Amino acid sequence: MHQIKPEKAERISVFDIFKIGVGPSSSHTLGPWRAALRCIYDFQKKQPLSQIARIQVLLYGSLAKTGVGHGTDFAILAGLLGEDPVICDTERLPIKIEQIKKSKKLYLGQKYHLSFDYQYDMKFLMNKNLPYHPNGMTFRISLKNNSIIENTYYSVGGGFVVKENETETSLDEISFPYPIETALDLAYWCKKNKQRVSEVVWENEKKLRSPSKIKVELLNIWTVMKNCIYQGCHTKGFLPGGLQVKRRAFVMNQKLLPPNATYQNCDEWFDIMRHQKLSFVELLRKISCFAMAVNEQNAAFQRVVTAPTNGAAGVIPAVLAYDVLFNAKNEDSERIVQFLLTAGEIGSLFKKGATISAAAGGCQAEIGVSSAMAAGALTECLGGSPEQVQIAAEIAMEHHLGMTCDPIAGLVQIPCIERNSMGAIKAITAAQIALDRDANHAKVPLDSVIKTMWETAQDMHSKYKETSDGGLAVNVSVNIPEC
């Protein structure tokens, strides 16, 4: 009989996997942003901000090498300003950040004006690494009494932040009724309780939130995803960063709409999409369009949902939109909740057993995990058993193993945007294969794939882990003008 070890199981909520934030990267943007917010919050608990004479930010490893392209400096300054990534005005924020650079003044925590020289106080230490994780950063705070405080944080993927010498999760004190560390644990609870994956996850989530709040917050996650698809499909132009990457979702959407289509908002546009008769090719194009729309928004520093990361933020919205539009035939709130609960649990399994950080595991940790999450969730929504859910997740990840993270010029654009559409299509394919599979004949357990992914990550050369030191990043010539 399978033995559960509740004292070992890491407690991760579905809302830790799905976080609302700002692009382009969960580990290089959202994580550092949250670290800066936390640094200021922790300081204020002990003494007023007015005691600070100076702040220097030291960025190490992957954060240093691709920090500018990923907006790490932008995010940290936003955090030091006290801006909330969930609700901040994404259109005005760049103006505020530029003002800091020009004026050399920082309105710390929206409470205290502090001198800040970007050229001197934001340090990119390209050739230095901290031991715990490639995404390390230190806030060096000099006080007016001449003492110095140094706080070091690690952005470990998916917007998760760990302070040096602290545990990774904030939920360790929570006792879930169904502790889950592995896919085998998940299968055990599903079988014992005769429940679907989403039902087991629902019971655990009720330890953290009321049932009504779980539903409201998950539907809000979907609303942000859906609006991101819509905005991405209706915004044209070029992405920032100097690569001159032209947005494609706008043109793709225009080609896919019926002649003379008229609508005023996202819901009306979705209705038009839902009632179209689509060929196989047109369906593939729509799914690709949805995924790329999200990641074009992500690359443009707009609001997205980590799923489980920003770089892979387009896969789950695209697959969920596919299910809502072309399988459910209506926007069934219970089905959406079911999808997100299942996807979130699969994502947590990968985080516990491997990584969801491209800086630690390459792109298999981002697109691969998101594809596995979407595949498993879609399988459950299409009536698959808990065993078939795991088969789908396993199939999707199996065919992303070894995928490198090699963003050209350190920007989350090439090949990242297209990879989201590929991850979405693979997820749907994996779900269909799993639904036709007798679980008794499955040869590869999900836990084995998770273990393999982690071993692959450890063997992978660092130049293929979000450093832009290898792969396409060095084999494709680009000329980016000086800013």
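We did not get these values from a lab; they are worked out from the coordinates using the rules stated. Not measured: the values here are computed from a predicted model. FYI the Cβ positions are ideal-geometry reconstructions off the backbone, even for glycines, and counts take in every protein chain you see.
With the simple spin-label model, which puts each label point 7 Å out from Cα in the Cβ direction, the Lys144 to Phe238 separation comes to 4.7 nm.
Taking the number of Cβ atoms within 10 Å of each Cβ as an exposure proxy, the fewest-first ranking of Lys463, Lys102 is Lys102, Lys463. Using the Cβ of Met460 as centre and a radius below 14 Å, the other residues enclosed give a net charge of -4, where K and R count +1 and D and E count -1. From helices alone, the chain scores -15000 deg cm²/dmol at 222 nm; the rule is -39500 (n - 2.57) for each run of n ≥ 4 DSSP H residues, then divide by the residue total. In a reduced charge model with +1 at each Lys and Arg Cβ and -1 at each Asp and Glu Cβ, the chain shows a dipole moment near 980 debye about its Cα centre. Of the chymotrypsin sites (Phe, Trp or Tyr not before Pro) found in region 245-286, those that fall in a DSSP loop while having at most 16 other beta-carbon atoms within 10 Å are Tyr263. Once you have the Kirkwood Rh of region 84-187 from its Cα pairs, apply Stokes-Einstein at 25 °C and 0.890 mPa s and quote D in µm²/s. It comes out at roughly 139 µm²/s. Its Cα gyration tensor gives region 17-94 an equivalent ellipsoid; the semi-axes, largest first and in whole Å, are 21, 16, 11.
Scanning the chain for helices, which whole DSSP H stretches are 27 Å or more long along the axis (Cα) and average -1.0 or more by Kyte-Doolittle? What comes out of the filter, once short or polar helices are dropped, is 211-233, 280-299, 333-353, 416-435. The ratio of the alpha-carbon radius of gyration of region 421-483 to the globular-protein estimate 2.2 N^0.38 Å is 1.72. Mind checking which lysines have their C-alpha under 24 Å from Lys45, skipping anything on the same chain fewer than 8 residues away? The qualifying lysines are Lys105, Lys111, Lys144, Lys163.
For region 278-429, the calculated P(r), taken from all Cα-Cα distances in 10 Å bins from zero up to the bin holding the longest distance, is 13, 45, 35, 8, 0 percent.
Cα-based radius of gyration for the chain, normalised by 2.2 N^0.38 Å, reads 0.95.
Volume of the convex hull of region 25-157 (Cα atoms only), normalised per residue: 106 Å³. Going from the residue with the fewest nearby Cβ atoms within 10 Å to the one with the most, Asp447, Asp117 rank Asp117, Asp447. The calculated FRET efficiency for the pair Lys194 and Leu284, based on their C-beta separation and a Förster distance of 30 Å, comes to about 0.25.
For region 261-343, the list of trypsin sites (Lys or Arg not before Pro) that fall in a loop by DSSP and count at most 10 other C-beta atoms within 10 angstrom reads Lys277, Lys329.
Its residues counted as N, region 235-300 yields a C-alpha radius of gyration over 2.2 N^0.38 Å of 1.20. Measuring against 30 Å, Cα to Cα, the residue pairs Lys207/Lys286; Lys19/Lys207; Lys123/Lys426 contain Lys207/Lys286; Lys123/Lys426 as the ones spanning a longer distance. Sorted fewest first by neighbouring Cβ atoms within 10 angstrom, His28, His70, His461 come out as His461, His70, His28.
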